[in-house]
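The next block holds one structure in the form of structure tokens; read it before the comments.
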Amino acid sequence: MSSLIAHNLSYSYSKNSEPALTKVSVEIKPGTLTALVGPNGAGKSTLLRLMKGQTSPDSGEITIDGEILNKSSTQVALMPQRSSMNWKFPITVEKLVSLGQIKKTKSRNSLPFQIKDLLSRPKTWVNKCCEIEASMQRVGISNLAKRRLDSLSGGQQQRALLAKTLMSSAKIFLLDEPCSALDPPAREEFLKIVRQIADSGLSVFISSHDWGSSLNAYDRVVVLDKRILATGTPNVIQERLDDICCLKDKTLCDC
Amino acid sequence: MSFFNLTWWIVPLIITIFSGILCPAMGTVLITHRRLLQVNLISHCVLPGLALALALGIHPSIGGVISGLTGAIIAESLTNKKSENYEAIMNTILAGMLGFGVLIIPLLGIRIDLEAVLFGDLLTANLGDLLRTLIAFLIFCSLIIFGYEKIIYVGLDSEGAAANGINVSLLNLALSFTTALVIVSSMSAVGVILVIALLSTPTLLGVSKAPSLRVAMIKSSIFGLFISVLGFIISLVFNLSPGPAISVLCVISLIFLKKDKRL
């Protein structure tokens, strides 16, 4: 169980540009499902990249269980946005999921090492295959293992990507707009899966454009538009929706 | 007189076989990484290096590889695939480097058979050309054996790969270097311009429906081998130039490409 605290994060893409984030503070508690909502350009993806350690903030700090987050931390895993993936790449679901282990076995993932591994430590190799199968089962895509990625629907692709992300040894999972291209039933199904993951003790932090009733699926909601506008339970946020919209000249309500 | 009584065709045939396997395999990696425009860039950037190497008295292929790689590095430092200027900048460097090559040939006072460089002269290929092809083949195989997982990860999600500690810039540099090597090694077979067809067409046929990059490379190489050997035989029988014959066969083979309705 790990908790992540981001304290007073500020970040600009260049010296003269408007800050992408200003004094943002967020806490991700263990075993919670949190939504990060905000309009386009609110800085959601930037915040996730900072929380993953991919980018360093201009000021502020991020700690996990009291220790400063570093770039090589394996405690946090990030599931990227759909648009950053090359869905046409010739790869099966099973192989995609196995790539989630690449950091765990970084120095041993080339073919000669794989063969050596298989011969010298067949048990470890079998365990690895079991982990892949377990991860696919967790998100309900075991039956799609041999299918090519580009033959899947959008919802199935997102679940495959989630299975890959779950292969890491992280305790905190950051998902960047995983529901963006999904229809309502697929979105509901996806949220059910991440709820189960959160209930198993892992922390899930999801950025979303969805400002509607699906907010009720989360334990907490953080409203961001370059700075934190509100934080609280879904009920509290929905009650304060008008105030939050007023703060931003109704722009949030339009998204 | 039957040409089967002679041995002069053995070296060109072996080069054809290796180029027919190597180029589509390399092309498969590049097309899945959406880097095929780089093939065009590198193949046009080879000329100034060939000219300078000849003037300096070193082996032209070394100059060609360095020059092709330099063009790729310049392009990569000025733009990236996400930039809206990507294609324009790539094409500008491509044309500029080719123009530079053509300009310096008379200035350096050297003689280059431009036609052979650009379109290949397979029937005059020698053991040196074969050795060059074999070196490119071995380097490509090493890249695949030791970097296969990384190549897949970067092709699928380069940002995620970088976040997981893969040195994406180094891998891209290795891909550019190997591409330059493959293009220069195929100079005698199909020439640095017509090699684009051999890197692209069999790849299109091979990638379709392949469940993995490995299978896609094998399928592409089989198509490439078939096209190359057929082109070689046609050029011998009809006394044609093999490079253009292989390129034309590549175009004809596009009829076997199934149209993806989802595109």
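Every number in this text was worked out from the coordinates using simple rules, so none of it is lab data. Computed from a predicted model, the values in this text were never measured in an experiment. Cβ atoms come from the backbone with ideal geometry, glycine included; neighbour counts cover every protein chain shown.
Values computed for the structure shown
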| read-out | value |
| --- | --- |
| Every pair of residues 6+ apart whose Cβ atoms lie under 7 Å, when the first sits in region B:237-252 and is free of Cβ contacts under 8 Å to residues at least 12 places away in the same chain while the second is in a helix (DSSP H, G or I) and surrounded by 13 or more Cβ atoms within 10 Å (Cβ to Cβ) | B:Leu240/B:Ile234 |
| Unmet requirement for B:Ala75, which otherwise passes all of (1) closer than 21 Å to B:Leu122 by Cβ; (2) touching a helix residue (DSSP H, G or I) at 6+ places or on another chain (Cβ under 8 Å) | (1) |
| Near pairs, Cβ below 6 angstrom, 6+ apart or cross-chain, from region B:82-93 (of a type in the set (S, T, N, Q)) to any residue that is not in a helix (DSSP H, G or I) | B:Asn85/B:Thr79 |
| Answer residue from region A:49-80, given it is surrounded by 18 or more Cβ atoms within 10 Å (Cβ to Cβ) and in contact with a Pro (Cβ under 9 Å, 6 or more places away or on another chain) and is nearest to the other protein chains (Cβ to nearest Cβ) among those | A:Met79 |
| Region B:121-136: number of residues that are surrounded by fewer than 19 Cβ atoms within 10 Å (Cβ to Cβ) and part of a helix (DSSP H, G or I) | 8 |
| Near pairs, Cβ below 6 angstrom, 6+ apart or cross-chain, from region B:145-165 (farther than 21 Å from A:Thr55 by Cα and facing chain A (nearest Cβ under 7 Å)) to any residue that is hydroxyl-bearing (Ser, Thr, Tyr) and surrounded by 21 or more Cβ atoms within 10 Å (Cβ to Cβ) | B:Gly155/B:Thr32 |
| Filter result for B:Leu123 (closer than 25 Å to B:Ser235 by Cβ and not aromatic (Phe, Trp, Tyr)) | yes |
| Answer residue from region B:25-45, given it is within 14 Å of another protein chain (Cβ to nearest Cβ) and not β-branched (Val, Ile, Thr) and is nearest to the chain's Cα centre (by Cα) among those | B:Gly27 |
| Counted residues, region B:174-198 - those being within 22 Å of B:Ile252 (Cα to Cα) and aromatic (Phe, Trp, Tyr) | 0 |
| Odd one out for B:Ile58 among (1) buried (at least 16 other Cβ atoms within 10 Å of the Cβ); (2) farther than 30 Å from B:Lys219 by Cα | (1) |
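Here is a yes/no grid of residues against (1) part of a loop (DSSP other than H, G, I, E, B); (2) over 13 Å from A:Arg138 (Cα atoms); (3) in contact (Cβ under 8 Å) with a residue 24 or more places away in the chain:
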| position | (1), (2), (3) |
| --- | --- |
| A:Pro178 | yes, yes, yes |
| A:Ala186 | no, yes, yes |
| A:Glu189 | no, no, yes |
| A:Ile206 | no, yes, yes |
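Quick grid of which residues meet (1) under 30 Å from A:Ser73 (Cβ atoms); (2) among the charged types (D, E, K, R); (3) surrounded by fewer than 21 Cβ atoms within 10 Å (Cβ to Cβ):
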{"site": "B:Gly155", "(1), (2), (3)": "yes, no, no"}
{"site": "B:Gly191", "(1), (2), (3)": "no, no, no"}
{"site": "B:Thr201", "(1), (2), (3)": "no, no, no"}
{"site": "B:Leu236", "(1), (2), (3)": "no, no, yes"}
{"site": "B:Pro242", "(1), (2), (3)": "no, no, no"}
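Conditions (1) of a type outside the set (Asp, Glu); (2) over 30 Å from B:Lys209 (Cα atoms); (3) touching a helix residue (DSSP H, G or I) at 6+ places or on another chain (Cβ under 6 Å), marked per residue:
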| site | (1), (2), (3) |
| --- | --- |
| B:Arg35 | yes, no, no |
| B:Val39 | yes, no, yes |
| B:Thr79 | yes, yes, yes |
| B:Leu118 | yes, yes, yes |
